Amino acid sequence: MSRLVFITGGARSGKSSYAQRRCEELPGTLLYVATARVEDAEMAERVTLHQQQRGERWALLEEPLDLSARLPDVTPGRSAVLLDCLTLWLTNQLFAAGEQPVPVIAAAEQLIETLRRLDIPVFVVSNEVGSGIVPDNALARTFRDLAGRVNQLFAASADEAWLLASGLPLRLK
C-alpha cells in the first residue's frame with residue numbers, strides 16, 4: 001500500500017469521494033482531517049453534509065493551520081488519514097503568513113515530511129486551480145501560483161498521484 005496518495009482535480013470533480021472510498025477499502029478506524037474554517041451558514045451546511053457521508057469508522061480532527069504538530073499525536077491506532085483539503089489549508093496558511101508565500105512553502109515542506117513519517121497511508125486532497133484564466137488581482141494570482149507550486153511538491157513526494165475529472169480517476173503516477 002502506498003503511504004502518501006495525492007489526489008487533485010477541479011471543483012466537484014469527485015476528488016473527496018474518491019479519496020474516501022480508497023480509505024474505506026482499508027480495515028479499522030480512519031481519521032478525517034478537516035482544514036476548513038466554518039464562518040458562514042453555507043459552509044456549515046457543507047461540513048454537515050460531508051460528516052453525514054462518513055460512517056462511524058471515521059474519527060475527526062478539525063485543524064485549519066498546525067497539521068504538522070497535531071497529526072503525529074492523533075494518528076496512532078488509525079488505519080489511514082484523509083486530509084481534505086490541502087487548498088483550504090494553504091488559504092489559512094497564506095493569511096496567517098500575512099499573504100507572504102515563502103513561509104507557506106516552508107510549512108508545506110514541513111507537512112510533507114510529517115506525512116511521510118506517519119506509518120499509515122495518507123490521502124491528501126487538493127484543488128487544481130491553475131486551469132482557468134489568470135486572476136485579475138494580486139492576491140488571487142499569488143494564491144493560484146502558490147497552490148500550483150505546493151501541489152507540485154506534494155505530487156512529487158507522493159507514492160501515487162491522481163487527477164479526478166468528471167468523477168473519473170486518472171493515474172498520474
Point to revise | Extreme residue, nearest to the chain's Cα centre (by Cα), among residues of the range 97-119 that are crowded, with 18+ Cβ neighbours inside 10 Å and among the β-branched types (V, I, T) | key: I112
Check your understanding: Pick from L65, L94: which is part of a loop (DSSP other than H, G, I, E, B), closer than 23 Å to A155 by Cβ and not acidic (D, E)?
Key -> L65
Check your understanding: Looking at the range 131-162, which of its residues are in contact with a Lys or Arg (Cβ under 6 Å, 6 or more places away or on another chain), surrounded by fewer than 17 Cβ atoms within 10 Å (Cβ to Cβ) and either touching a residue at least 12 places away in the same chain (Cβ under 8 Å) or among the charged types (D, E, K, R) (or both)?
Key -> D159
Check your understanding: Among the numbered criteria (1) under 24 Å from S166 (Cβ atoms); (2) part of a loop (DSSP other than H, G, I, E, B), which single criterion is violated by E99?
Key -> (1)
Review point. Here are T29, T35: which of them is polar (S, T, N, Q), at negative phi and surrounded by fewer than 20 Cβ atoms within 10 Å (Cβ to Cβ)?
Key: T29
Review point. Pairs under 7 Å by beta carbon, first residue of a type in the set (V, I, T) in the range 5-27, partner part of a helix (DSSP H, G or I), six or more apart or different chains?
Key: V5/R22; I7/K15; I7/Y18; I7/A19; T8/K15; T8/N151
**Study point:** Total residues in the range 68-78, condition charged (D, E, K, R) and either modelled with pLDDT under 95 or assigned to a helix (DSSP H, G or I) (or both)
**Key:** 2
Practice item. List the number of the failed condition for V129; all other conditions in (1) modelled with pLDDT under 95; (2) of a type in the set (A, V, I, L, M, F, W, C); (3) out of contact with any helix residue (DSSP H, G or I) (no Cβ under 8 Å at 6 or more places or on another chain) hold. Key: (3)
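Can you name the residue in the range 69-96 that is among the small types (G, A, S) and buried (at least 16 other Cβ atoms within 10 Å of the Cβ) and is also nearest to the chain's Cα centre (by Cα) among such residues? Steps first, please.
Initial filter on the range 69-96 (among the small types (G, A, S)): 69, 77, 79-80, 96.
Retained after the next criterion (residues that are buried (at least 16 other Cβ atoms within 10 Å of the Cβ)): 79-80.
Values: S79: 17, A80: 14 Å.
My answer is A80.
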**Study point:** Total residues in the range 107-134, condition in a loop (DSSP other than H, G, I, E, B), out of contact with any strand residue (DSSP E or B) (no Cβ under 6 Å at 6 or more places or on another chain) and closer than 15 Å to D73 by Cβ
**Key:** 2
Practice item. Could you please give the count of residues in the range 79-91 that are assigned to a helix (DSSP H, G or I), among the β-branched types (V, I, T) and free of Cβ contacts under 8 Å to residues at least 60 places away in the same chain? Key: 1
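The values are calculated or read from the model by the stated rules, or taken from the named source; none is laboratory data. Predicted, not measured: the structure shown is a model, and the values here were computed from it. Here Cβ is always computed from backbone atoms with ideal geometry, including for glycine, and neighbour counts include all displayed protein chains.
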